[in-house]
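Enquirer: Before I ask anything, let me first share the structure, which is written out below as structure tokens.
Taken together, the values in this text are just the output of simple stated rules run on the coordinates, not laboratory data. These numbers come from a predicted model, not from an experiment. Cβ sites come from the backbone with ideal geometry, for glycine too, and all protein chains shown count toward neighbours.
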Amino acid sequence: MDQSEIDALLSGGNLEEENKKQQDIVDSLIKPAETEASNEIDNTPSTEKPEKPEKPEKPKKKGAVMGQLSKVSQEAEEGTTLVMNYLENMLNIATKQKEYSAKLETELKENTLIKSTEEIIAYFKDSSFLIEDLIFNAMDAFQFQDINRQKLMKVMHTLTQLNTYLNDLLGDDSVDDDKPVNFGRNIEDKTLATDLDKENVDDIIAQFQNSN
Amino acid sequence: MKFLVVDDSSTMRRIIKNTLQRIGYTDLAEAEHGKDALEKMDGIDIILTDWNMPEMDGLEFVKTVRTTNKTIPILMVTTNAAKDDIVDALKNGVNNYIVKPFTPETLKEKVESVLK
Ligand SMILES: [Mg+2]
């Protein structure tokens, strides 16, 4: 849902129509495989004689496209894990800085305070809070990874269905079974804007609670 | 207060866990999918679960938990933003709902609201 749809929902607009539009797009994407799944291809006589499709050249390696997409998905996860490791280490350092600066402050207060030392401590303290905030923001930014991963899985799923359909049509039975489907509905339309749907979600929850 | 964070993305699990730690919750368990989570329910006080996962998805997991436990607070954290999905989750026993990507403030607010 984008903001206009949320507004439409809040003002009682036609949200179902919008959702249906999105679903139609998804349906159109997976239609060939659904046709195949009904097992009617071989039995249904065609009213007009189609031109015989030319069988594409067999790829050098089986599942080359799938393999590549799968690798992209895997590498993105690995890369993100690595960056998260670095960030977590930085976070630990910043947390330690905060502890030490507080300790230093307490100890110095018991003796004579020098103005510049106070300034340094203040800066040290402020900056560690800032570093901590920045690191948390950077970590939160990695939510894109889950969304991109699901988008890639959707592409892989569509390609697998297309592959199954084409191979069935062309008489090649060397197709792997479907991988488990674990991407969100309408994931291809998902943006990376944070909390875009929050007001809308809260509104739906309130409506639900009131009706129960 | 022991949390169970269920998500097939290890990155998402870490983001959620770090945010929870920052707002003061340190007793955290994690699971990769619904089936995995069902085996880790011992001593859990609140569940944060993703929807789209292999093996057993979040909705199936919630339904299974609710057959034996009607009271444990459950927060759904997912990319699914359609109204039908949100209502479906609520009907099946989810207490509150967060759409990814979210801000730490939203997570804090929602966790506090289900713990009230
Ligand atoms: Mg997921």
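Enquirer: Sum up the charges of everything whose Cβ sits under 10 Å from the Cβ of A:Asp202, counting Lys and Arg as +1 and Asp and Glu as -1, but leave A:Asp202 out.
Expert: That works out to -2.
Enquirer: So which of A:Lys190/B:Lys91; A:Lys71/B:Lys110; A:Lys96/A:Lys190 end up more than 27 Å apart by C-alpha?
Expert: A:Lys71/B:Lys110; A:Lys96/A:Lys190
Enquirer: Under 12 Å from the Cβ of B:Thr106, count the other residues' Cβ atoms, weight Lys and Arg +1, Asp and Glu -1, and hand me the total.
Expert: -4
Enquirer: With the alpha-carbon atoms as the only input, what is the per residue convex hull volume for the range B:2-111 in Å³?
Expert: Enclosed volume per residue, from the Cα hull, is 89 Å³.
Enquirer: A follow-up question, please. What does the helix-only formula give at 222 nm for chain B: each DSSP H stretch with n ≥ 4 adding -39500 (n - 2.57), the total divided by the residues, and the result rounded to the nearest 500 deg cm²/dmol?
Expert: Result for chain B, helices only: -12500 deg cm²/dmol.
Enquirer: For the range B:2-111, what relative contact order do you get, as a whole percent, if you take Cα pairs closer than 8 Å and at least 6 residues apart?
Expert: That works out to 24 percent.
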